[in-house]
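For reference, the structure discussed in these notes is given below.
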Amino acid sequence: MTENDQDYPLHHSCDAPAKQSSVVPDSKPLKTSFTGVKSSNSGDGLKPAARHVRGEINPYQPRPPLIPRLSSKSCSVEETVRSRRLRNSQESLSDPAETGSSTDSLREDQPLTAPSGCVLDTDASTVRCNQGSIARPTSAAASTGSPVFRDRGSSLSDYERRPHSQQSDPTDHWERSTKVRLSPVQPTGPLPALEKSFASANLRAANRIDRDCLDYAVLTRAKLGERLHRNLSDSRLLDNMGSDNTSVNSMRSTYSVLSPIRPQDVRNRSFLEGSVMGSGALLGAEELDRYFPDRRVGIYITTWNMQGEKGLPTNLDDLLLPTDSEFAQDFYIIGVQEGCPDRREWEVRLQETLGPYFVMLYAASHGVLYLTMFVRRDLIWFCSEVEHATVTTRIISQIKTKGAVGVAFTFFGTSFLFITSHFTSGDAKVYERILDYNKIVEALALPKGLPDTNPYRSTPSDVTTRFDQVFWFGDFNFRLSKDRADVETLLNRTVGGNMGPLLEHDQLSREMKDGSIFKGFQEAHIQFFPTYKFDIGCDIYDTTSKQRTPSYTDRILFRNRQADDIKVVKYTSCSNIKTSDHRPVVGVFQVKLRPGRDNIPLGAGQFDRGLYLEGIRRRITRELKRREAMKNQSSSTICSVS
């Protein structure tokens with residue numbers, strides 16, 4: 001090496017060298033000395049390179065590429081280039097032609113850095129900047145006017161064809177040509193499922209789910225999927241429902257509480273006559289499963305001999321809404337014997353007690369026999385027209401104190417028959433009561449216009465065989481065939497509600513075992529005291545001169561076509577109602593439902609609107625009076641000291 005040997009200038013260290021194929025072949029081997037790459041902070045220090053080959057200076061001979069300085073880590077050049085290629089392929093997915101890298105990716109490995117942060121890539125013959133831009137490939141011979149690159153002048157930019165004195169600082173050129181490429185934003189949490197559609201923040205307030213539904217969903221999950229109420233929306237819908245920012249489209253389709261209706265269905269469907277096809281019917285399986293996923297409906301039945309008293313109890317909550325019940329039922333059927341003279345007043349009181357959740361579906365009477373039916377407002381559309389019939393068992397038909405009144409209707413695809421009756425009284429008149437039963441089952445003309453859901457199992461001489469579910473309740477007047485003293489002794493020995501010793505003397509139980517009455521009917525296990533006969537206003541049995549024997553005169557029996565269709569939830573008496581010599585008897589049942597078809601005359605949501613409004617008005621008035629009384633009571637307890 002001579003004194004003219006110099007280090008390669010900065011200009012060649014920032015510009016990538018030409019490829020090996022661009023070197024002019026020479027038969028003589030070349031000897032080149034490299035003393036490294038020097039960096040300068042000033043752009044004015046860029047000078048042409050002086051090349052010495054065996055003491056001769058050849059300005060037109062291109063030189064081999066520079067060997068980049070290895071990184072501080074103990075790895076080879078090939079491993080460094082390979083790792084950088086891998087990072088570039090992962091970061092630049094949108095445009096394969098650009099291999100920009102983020103600043104963070106260059107912090108790990110920086111083999112060779114130019115003054116402005118450029119990295120020399122020997123394999124790709126490009127200059128990579130830490131901002132992600134790519135400098136144009138440049139060879140060492142291009143700056144000296146090599147003949148090899150003269151023919152390629154069209155491929156060079158105007159800036160590169162300028163004289164060196166007119167070229168500006170290369171750092172300024174890199175800054176102007178920089179194209180910032182940011183790293184992709186990574187989500188901070190798990191992405192939502194594909195089947196759910198979540199809207200942006202500006203839709204959240206408009207599509208917020210009702211707070212009641214959210215509370216219901218939380219409680220449902222807390223109880224491991226247990227449904228809190230049979231008639232509330234399906235728990236599966238609430239489990240799959242998104243949060244309060246569910247989009248409008250998803251709420252109207254998959255997650256809608258109400259099923260969407262197609263315009264063609266609106267054109268063609270008529271629920272008064274309806275479609276005979278089970279698919280898509282109003283009474284079909286789809287609607288039934290939506291309202292009753294387990295296909296069971298709750299029915300509350302009570303029977304009470306009111307003894308013709310004009311004065312009604314001040315509060316009927318204990319009769320219809322006992323505190324030991326967790327939920328209200330879907331149907332309330334109230335049968336009354338020897339009812340109060342003002343039947344309308346009795347119905348208004350029932351509506352006032354049940355409140356706005358229920359409407360009176362139907363009411364029928366036969367003299368002083370009243371039968372009233374209430375149903376939840378949500379379910380009134382699935383009820384057929386209601387039919388009723390009456391039968392008198394008196395010799396003189398004008399005296400309507402003994403007999404029966406029956407009400408029949410279809411709910412979805414299940415037919416129901418409710419009968420309340422009052423049989424002949426008297427301790428020894430068992431045969432007369434059996435005659436009353438036979439006359440009722442033969443003379444009760446039901447159904448009239450409703451189709452029989454299973455005509456092959458119907459009998460013309462027995463009305464109870466023409467319906468799927470039958471409930472017969474009332475004052476049957478069957479007594480205990482035992483002396484008063486013996487009955488009282490058995491009552492005193494009763495422990496834990498075991499009424500077996502008393503029921504051994506029950507006339508009705510004995511006749512049912514013999515098959516002479518209530519054929520095919522069942523009764524729940526009795527665990528309450530006899531409901532007849534009490535002194536009015538107290539819990540003492542008859543203290544009059546007749547000394548009547550306590551008996552189970554008030555009963556609730558049931559019959560079904562399919563076994564185990566009716567499940568008994570509760571069977572008891574209401575001891576808090578003491579305005580009559582009879583105690584009301586209450587039965588709660590879960591009844592199996594089956595889907596139907598729209599080939600029956602539907603009730604079309606009809607109910608007694610006038611009764612509903614009057615009952616709600618009284619309920620509001622009662623509440624206002626209660627609040628006023630509480631306000632006056634609280635103000636009277638305040639003493640003023642003068």
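The values are calculated or read from the model by the stated rules, or taken from the named source; none is laboratory data. Keep in mind that this is a model prediction, so the values were computed, not measured. Cβ atoms come from the backbone with ideal geometry, glycine included; neighbour counts cover every protein chain shown. Remember, those area values only see protein heavy atoms, side chains included, never the ligands or the DNA or RNA. Shrake-Rupley method; radii C 1.70, N 1.55, O 1.52, S 1.80 Å.
Computed values, structure above
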| read-out | value |
| --- | --- |
| Overall form of region 527-620 per C-alpha gyration tensor (a/c, 1.5; a/b vs b/c) | oblate |
| Region 320-479 - convex hull of the alpha-carbon atoms, volume per residue in Å³ | 138 |
| Charge dipole (debye, nearest 20) of region 349-447; +1 at Cβ of Lys and Arg, -1 at Cβ of Asp and Glu | 220 |
| Debye intensity ratio I(q)/I(0), log10, region 451-591, q values 0.16, 0.17, 0.19 Å⁻¹ (C-alpha model) | -0.90, -0.99, -1.16 |
| Hull shadow area, averaged, region 377-437 [alpha-carbon convex hull, nm²] | 5.9 |
| Listed residue pairs exceeding 18 Å between alpha carbons, taken from Lys402/Lys546; Lys482/Lys578; Lys402/Lys429; Lys310/Lys429; Lys567/Lys592 | Lys402/Lys546; Lys482/Lys578; Lys310/Lys429 |
| Tyr456/Glu504 FRET efficiency (R0 45 Å; Cβ-Cβ; nearest 0.05) | 0.70 |
| Cα-only Debye scattering, region 416-457: base-10 log of I(q)/I(0) at q = 0.19, 0.21, 0.32 Å⁻¹ | -0.70, -0.78, -1.18 |
| Label point distance in nm, Asp324-Arg617, each placed 7 Å from Cα along Cα→Cβ | 3.8 |
| Most positive-pole-ward Cα, Leu319, Cys340, Gln329, against dipole of region 301-345 from beta carbon charges | Cys340 |
| Global form of region 342-384, assessed from the alpha-carbon gyration tensor, a/c cut-off 1.5 | oblate |
| Peptide ranges 402-411, 311-320, 621-630 listed from the most packed, as the mean C-beta count within 10 angstrom indicates | 402-411, 311-320, 621-630 |
| Computed lengthening from Thr489 to Lys631, 0.36 nm per intervening residue step minus Cα-Cα distance | 46.1 nm |
| Charge sum, other residues only, whose C-beta stays under 13 Å from Lys429's C-beta, Lys/Arg counted +1 and Asp/Glu -1 | -1 |
| Solvent-accessible ranking of His422, His525, His505, largest area first, probe 1.4 Å | His525, His505, His422 |
| Length gained when the stretch Asp539-Ala563 is fully extended (0.36 nm per residue, less Cα-Cα span) | 4.8 nm |
| Rg/Rh for region 385-510, where both radii come from Cα atoms and Rh is the Kirkwood radius | 1.07 |
| Dimensions (Å) - region 272-412, Cα atoms, principal axes, largest first | 50, 39, 21 |
| Two-site label geometry, Thr188 and Val266: point separation in nm, points 7 Å out along Cα→Cβ | 4.4 |
| For region 399-461: accessible area per residue (Å², 1.4 Å) | 40 |
| Calculated diffusion of region 415-487, Stokes-Einstein form, Kirkwood radius summed over Cα pairs, 10 °C and 1.306 mPa s, µm²/s | 113 |
| Diffusion constant of region 573-615 at 25 °C, which comes from Stokes-Einstein with the Kirkwood Cα-pair radius and 0.890 mPa s, µm²/s | 160 |
| Computed lengthening from Asp317 to Asn599, 0.36 nm per intervening residue step minus Cα-Cα distance | 97.7 nm |
